[in-house]
């Protein structure tokens, strides 16, 4: 798979995906650090590829511009030619905007290789972008300008052109520099550099519908209690007790009748689970239990779900899971979500999906399945979180075959307490792949995705509301029937802060429960609380507790009755 947009680089001790070899730390604990390179545009409402582009020119030597890997702009006097003007023309087809979309924001992103002192203005255009060498047309309405072309992506606000679905054609005209500026076209071999139209929007009010009663799952039972003495982990024994939250939240408000039940696939009958990924480090002996407990102490409640990433080493805390810390967390009422990666964190070895389904790693699969079975309680299991960003592992069809093989080995081992979560990025740039990555309803219990409000962390300036952040892939799933009837999970989610509005992140968190209620198929939301999500800067920090205002908002969200199940981490 080609990678798109600005990327985030993440360093991990085993609890996440896409590892590369960084070395070892100490002699007794393998440091499974990894680097993750992932699209920051995951879960944007729409990220649209150009359907056509060309350079409009009257210069005979320019030839077939519709097939070139570069676009060009230049003023009327260009490289000494008084009739050498060139306009870059890009066309997009907007086809999937919901009819209730409001507050539509559209940004054209085009890539230049050099920083130059030219002013470039985006205009509405009537030029045929499919033509080989069209002549420039009179400029339409000016939409936005950059006063200096930057090296990298340049952004133009073209929201005025996007009022709904249809064809959008934009021309770029240059002044201030009488030589050509080159831009990557949709034929460029590097798909990261191709022009994009990024669209975000809010949803307007729907027509009033007759009140309906949400059915309570018919197959439900109280959440099973874990065994009093879980099987000891073969990999690690904690040397100190994990600190437990000291704050005592106020009692939960009364809940409607029928709430408080949990299905055999861990679906709460009302509301949604509230979860956390919190990284650990060498300073605390990689005690991820303590890492979670510290955050719980800050927010005054336990989390319902704890998320952690593991590898195929079948050794140490990275691979021999559940470890002792996780067993302790389960004893205290939390659900575990094990994201299992087909790689070896400590060495950076990436396994191919063909290696998995061929049986080469069946010993590891069976060992993990046996430990999962021995817990005696339901646990969330995922295999290769975000496989669409794993080009080295194989084809989409091979991912499906590997997933089914792992699932079937667990079933054969009697690990029927594994609840399978299929987790995608949810990025619109991969909408054409998701049907081919879906293993089938028989093999999937939950559908997960990873929406983020990255704001300036990805070089954009768009601030997405919680509803906009979670809504894009949610609607796509509804419209395309993938995982129909399955509960949905935000296997990761997060938001940056806004340096121009210190309380924006607090408000974002406070608005988050309402966004979940508006998307009722989401039955679990897990915050990815790592500074390694992006490069931390004065304008970028995705952690939920990076300042007091953000922490206050997150704490308030976690006290909402919708996220306070009367089981698990409600207290």
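Yes/no per residue for (1) out of contact with any strand residue (DSSP E or B) (no Cβ under 9 Å at 6 or more places or on another chain); (2) farther than 22 Å from residue 447 by Cα:
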residue	(1), (2)
509	no, yes
512	no, no
516	no, no
528	no, no
544	no, yes
561	yes, yes
565	no, no
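Here the condition is being surrounded by fewer than 21 Cβ atoms within 10 Å (Cβ to Cβ), in contact with a helix residue (DSSP H, G or I) (Cβ under 8 Å, 6 or more places away or on another chain) and assigned by TED's automatic domain parsing to the domain that holds residue 433; of 366, 355, it holds for 366 alone. Residue 218 fulfils the conditions (1) modelled with pLDDT of 70 or more; (2) over 25 Å from the mean Cα position of the chain (by Cα) except for a single criterion, (1).
Taking the criterion of being buried (at least 20 other Cβ atoms within 10 Å of the Cβ) and modelled with pLDDT of 85 or more, the residues of segment 48-69 that qualify are 48, 50, 53, 54, 55, 56, 57. Take the conditions (1) in a loop (DSSP other than H, G, I, E, B); (2) at pLDDT 90 or above; residue 226 misses just one of them, which is (2).
Here is a check on your reading of the model: is residue 124 touching a residue at least 40 places away in the same chain (Cβ under 8 Å), touching a strand residue (DSSP E or B) at 6+ places or on another chain (Cβ under 6 Å) and surrounded by 16 or more Cβ atoms within 10 Å (Cβ to Cβ)? When the stated conditions are applied, residue 124 does not pass them. Scanning segment 376-390 for residues that are on the phi < 0 side of the Ramachandran plot and more than 17 Å from the chain's Cα centre (by Cα), which turns out surrounded by the fewest Cβ atoms within 10 Å (Cβ to Cβ)? Restricting to residues being on the phi < 0 side of the Ramachandran plot and more than 17 Å from the chain's Cα centre (by Cα), the top hit is 377.
From the list 196, 189, 213, the one residue that fits, being over 30 Å from residue 373 (Cβ atoms), out of contact with any strand residue (DSSP E or B) (no Cβ under 8 Å at 6 or more places or on another chain), modelled with pLDDT of 50 or more and not assigned by TED's automatic domain parsing to the domain that holds residue 296, is 189. Go through the residues of segment 324-341 one by one and say whether even a single one is in a loop (DSSP other than H, G, I, E, B) and under 24 Å from the mean Cα position of the chain (by Cα). There is at least one residue in segment 324-341 that is in a loop (DSSP other than H, G, I, E, B) and under 24 Å from the mean Cα position of the chain (by Cα). Among the residues making up segment 508-558, those that are part of a strand (DSSP E or B) and buried (at least 19 other Cβ atoms within 10 Å of the Cβ) are 522, 523, 524, 525, 526, 527, 528, 540.
Residues that are under 18 Å from residue 363 (Cα atoms), out of contact with any strand residue (DSSP E or B) (no Cβ under 6 Å at 6 or more places or on another chain) and surrounded by fewer than 22 Cβ atoms within 10 Å (Cβ to Cβ) within segment 313-348 comprise 314, 315, 320, listed in sequence order.
The values are calculated or read from the model by the stated rules, or taken from the named source; none is laboratory data. Note that this is a predicted model, so its numbers are computed, not measured. Every residue, glycine among them, receives a Cβ derived from its backbone with ideal geometry; neighbour counts consider all protein chains shown.
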